[in-house]
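K.L.:
The structure under discussion is supplied below as structure tokens; questions concerning it will follow.
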Amino acid sequence: CFEAKIIAVTNPAEPAQAAKGSTPQPRQAFKIGFATKDSSLFLGETSESVCFDSEGGFTADANREAKGFDIAREQTVAVVLNLDAGSPNKNTISLFKEGERCLPPQPLPERLIGKALFPVINFRNVTVQVHFGPSPLVPLPFSCRGLQDMAKDDSVAAPAEVGKDGKYEVLLPVGLPDEATFEWLDDFLSKNPKYTELSDRAIIKWAESSGLQRSGATSWKHSNDKPEIKFNVSLMDDWSLRKVLNAIVATQPRNYVVMEVKANLMQSGRADLLKKFNFPHFKKVAQVTMGDPPKAFMERQQEQVLKQKQEELDKAWNARKAEKERKKAAEARVKAIQEAQRKAKEAKAAKEKEAKEAKAAKEAQEAGKDDEAKDESKLDVDMEAKAGEDAAKDEEKEEKAAEAPKEEEKAVEEPEEERPVAMLTDEEKALKFRKLPSPDLTPSLLGTHFMKFSLPEASEGFDEVRFSWAGAGQCDEYFKAWVLKQKVLNKIEDLAPGEWFKAKQLEWKRAFTSWNQKQNEWKDPAKRAAKKAAKEAAAKKAAEEAKKAEAEAKKAAGDEGEKPAADGDEAEKKPEAADSEPASAPAAAAEDVDPMTVADMLDIGDGEPLFANFATEDWALLALRFEFFLLAHSFPKDAQDPERVGIHESNIPYYYHKYFRKNFNLKYYGVDAVEKVVDMIQDAISLTEEHRVLATELPEDAPFDKFVRLTEDKRRVRQKAIDAGEISKRLKFNAQPEGPSAAPNSQDSYGAIRGSAKGGLGSTVKAPAPPPPPAAPRWQGGGGKGGPYGGYVGKGGRQGGGRPSTPQRFQWPH
């Protein structure tokens with residue numbers, strides 16, 4: 001036996017911000033008992049221990065039963081383990097308090113009989129004195145040896161869990177994020193229980209086993225490697241416990257598994273960990289788990305996937321069953337109410353009928369004795385006939401009412417849905433690593449640190465480097481391929497747009513604004529007439545000047561004494577040449593002009609620009625063509641890493657915001673994937689098949705009018721299809737998404753370029769249809785009249801910013 005006594009109780013204050021119920025109850029706890037060497041440190045957590053607790057409970061086989069006693073401060077308790085073969089209480093455990101038995105001897109679980117058992121206590125917020133003998137603190141009703149006085153034949157000296165070289169192992173698993181790192185660890189610990197896990201996950205597990213409860217949902221900062229703790233206990237939530245643990249673990253000779261995904265992958269992190277265990281009794285081992293896992297491991301992964309799928313199916317199936325039962329119960333309640341209402345109505349009708357009959361009888365009696373005999377027979381006949389009719393009707397109603405529910409019940413009955421069975425898809429059958437609810441590292445952390453990852457080497461201070469799934473050479477190749485993949489998939493957090501991008505973007509903005517203004521002028525009849533008149537006047541003036549110059553040339557030639565005969569011949573030839581000059585061909589229709597070959601896109605005939613018929617969607621796609629083209633060419637220049645082959649489709653929204661300072665919203669385009677947006681502009685932009693990165697075949701010095709020509713060509717093809725009845729070809733863009741993150745009053749606004757000084761603020765003028773998505777920022781400041789883009793300030797507006805315009809306007813951030 002051994003004894004223990006609570007000599008002090010602490011009651012730490014609960015922090016003000018602590019959530020209700022976050023403090024473990026009871027606040028003070030004490031457990032005493034025995035456990036095997038393979039048991040958890042927490043009594044009662046597994047079937048490898050047996051114990052009594054201060055709340056009057058007895059736990060065996062991980063099941064707790066209330067026994068009706070308590071253990072208070074300054075009370076000495078003794079736990080007696082009876083293994084005497086000659087005793088009637090053989091293989092039992094008993095609890096005594098102040099020398100008196102608290103409850104009858106409790107049988108030891110069968111799995112503990114014959115095993116070496118070690119004394120264990122667990123306590124929280126109390127100070128405990130432990131006594132192993134040889135003399136007891138409080139005498140028992142019988143003589144009993146203390147653990148310190150135990151006979152050698154009754155004791156077992158547990159050997160130290162050390163290796164053949166007499167050293168304890170400190171194991172650093174080195175695995176790639178989200179490739180079964182913690183699952184490998186769980187598998188390793190199940191096969192090697194002599195190792196103790198050191199990780200943030202283990203700390204949280206210990207805290208929860210001690211009664212602490214985590215509160216609140218996790219945020220984006222949560223990961224398997226660095227989980228959010230949220231116990232609302234300051235010394236826990238600030239990870240002070242981790243610091244204490246790191247300081248003392250090296251002084252406790254044990255076999256450790258130090259699980260740090262990021263730190264174990266970095267040379268600097270491994271160096272810091274090795275310093276803590278730089279003692280001669282520790283053997284430092286790096287365990288590399290990379291490459292293709294063994295078949296048995298993959299099968300366990302697939303079993304977990306199948307189990308998860310089955311649980312999800314069962315959850316949905318049980319929810320459907322519960323909903324069906326709920327509806328059935330609701331229908332039964334409604335029917336019961338309707339039946340009760342029907343019966344109440346019938347009872348009321350019968351009562352009213354009875355009252356009417358009584359009234360009629362009374363009136364007939366008072367009618368006079370002379371008519372009584374005469375009417376009596378007739379009344380009886382009428383009443384009997386009426387009663388017969390009413391009875392027949394009531395019978396018919398009752399039959400119908402009785403039959404109706406049966407028909408309804410029969411119609412409502414449905415066959416029971418069988419429990420669904422989960423099946424693995426072909427893709428899941430080939431799965432190597434299943435996806436966990438949380439990543440091993442957060443995406444931002446992975447993106448900023450994966451370039452610092454490396455494989456461990458013995459020269460770093462390891463006594464041994466082991467490989468679990470593949471040899472050193474294969475692991476090295478696998479790791480390099482993984483790094484290349486991460487360069488494509490991960491973002492560059494500190495990337496900044498270069499000068500080439502800024503110059504091109506500024507040049508594009510100016511061109512874009514001038515095109516928008518040109519379309520507005522073309523669509524304004526007065527401006528178009530004035531422009532046509534000015535063009536005709538200029539042509540007339542040019543003709544007059546040419547005629548005058550010709551006359552002066554003739555005069556100069558005459559003064560030089562040219563031959564009259566030659567002059568005569570020339571004079572005769574000129575009218576003939578004029579007469580023989582063919583009449584100018586009529587101008588081709590705008591729709592017949594080839595947009596890819598027309599010489600001047602600003603004037604394809606009668607001053608009409610090539611983009612005259614651009615709608616809001618066309619301007620949006622024009623801007624998007626160029627912006628994606630700019631991204632495809634700018635990224636390699638700014639990344640300065642040939643192994644980063646381009647912007648992966650999953651990172652397009654991120655880099656779009658980083659370069660253009662505005663959000664890329666798929667909902668605006670009426671699609672749910674970046675790939676579908678790229679399909680709209682596939683004449684200029686594409687996604688590569690191998691890496692799925694943004695690419696373009698247009699050279700970086702492609703002229704701006706190339707994008708206008710491509711947009712107009714695509715618009716015509718689409719319009720012809722719509723005219724032919726293919727309504728699905730019509731673009732269905734949604735409402736304008738929120739504008740860029742630039743400040744509303746920023747002078748980067750496109751609307752602050754130029755315009756008339758007349759009128760008021762442009763923000764008071766109704767804007768036309770919504771402009772392009774993020775590709776086309778909102779206008780700010782002035783903007784009276786304007787085209788679909790609401791570009792320049794125009795008539796009725798004023799230069800400059802002031803109040804921000806409506807969300808339908810554009811703003812280009814520089």
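K.L.:
Over the range 610-685, what lengths in whole Å, largest first, do the semi-axes of the equivalent ellipsoid take, defined as the square roots of 5 times the eigenvalues of the alpha-carbon gyration tensor?
P.N.:
Computed over the range 610-685, the values are 23, 14, 11 Å.
K.L.:
Now for a different question. Amide H to amide H under 5 Å from Val693: which residues, 5+ apart in sequence or cross-chain, H placed 1.01 Å off N in plane?
P.N.:
Distant-sequence amide H within range of Val693: Thr688.
K.L.:
Taking the Kirkwood radius as the inverse of the mean 1/r across Cα pairs, report the Rg/Rh of the range 484-529.
P.N.:
My calculation puts Rg/Rh at 1.39.
K.L.:
Further question: Evaluate the range 145-248: find the radius of gyration of its Cα atoms, find its Kirkwood radius, and give the ratio Rg to Rh.
P.N.:
That ratio equals 1.08.
K.L.:
Turning to a different aspect of this structure: Hey, can you grab everything whose amide H is under 5 Å from the amide H of Ala470? Only 5+ residues off in sequence or another chain; H modelled, so Pro and N-termini drop out.
P.N.:
Those qualifying (amide H under 5 Å, at least 5 residues apart or on another chain) are Met290.
K.L.:
In angstroms, what radius of gyration and Dmax does the range 41-166 have, counting Cα atoms only?
P.N.:
Gyration radius and largest Cα-Cα distance of the range 41-166: 15.5, 51 Å.
K.L.:
Not counting ligands, DNA or RNA, and with a 1.4 Å probe, what is Arg300's accessible surface area in Å² rounded to the nearest 10?
P.N.:
Taking all protein chains as shown, Arg300 has close to 90 Å².
K.L.:
Mind ordering 164-173, 592-601 by average Cβ neighbours within 10 Å, highest first?
P.N.:
164-173, 592-601
K.L.:
So which GluC sites (Glu not before Pro) in the range 430-484 pass both tests, a DSSP loop state and at most 15 other Cβ atoms within 10 Å of the Cβ?
P.N.:
In loop regions of the range 430-484 (DSSP not H, G, I, E or B), the sparsely surrounded GluC sites (Glu not before Pro) are Glu457.
K.L.:
Please list the non-local residues whose amide H lies under 5 Å from the amide H of Glu197, H modeled 1.01 Å from N, same-chain partners needing a gap of 5 or more.
P.N.:
Val257
K.L.:
Now for a different question. Within 10 Å, count the other beta carbons around each residue, average over each peptide in 723-732, 252-261, 50-59, 215-224, and list them highest first.
P.N.:
50-59, 252-261, 215-224, 723-732
K.L.:
Still on this model: Do the alpha carbons of any pairs in Lys284/Lys485; Lys230/Lys452; Lys194/Lys221; Lys262/Lys480 sit beyond 22 Å of each other, and which pairs?
P.N.:
Lys284/Lys485; Lys230/Lys452; Lys194/Lys221
K.L.:
May I ask you to rank Met451, Met150 by accessible area, largest first, using a 1.4 Å probe over the protein chains only?
P.N.:
Sorted descending by solvent-accessible area, the residues read Met451, Met150.
The values are calculated or read from the model by the stated rules, or taken from the named source; none is laboratory data. Everything numeric in this text was worked out from a predicted model, so none of it was measured. A quick note on method: Cβ atoms are made from the backbone with ideal geometry, for glycine too, and the neighbour counts reach across all protein chains shown. Protein only, heavy atoms only, side chains kept; ligands, DNA and RNA dropped before computing areas. Shrake-Rupley method; radii C 1.70, N 1.55, O 1.52, S 1.80 Å.
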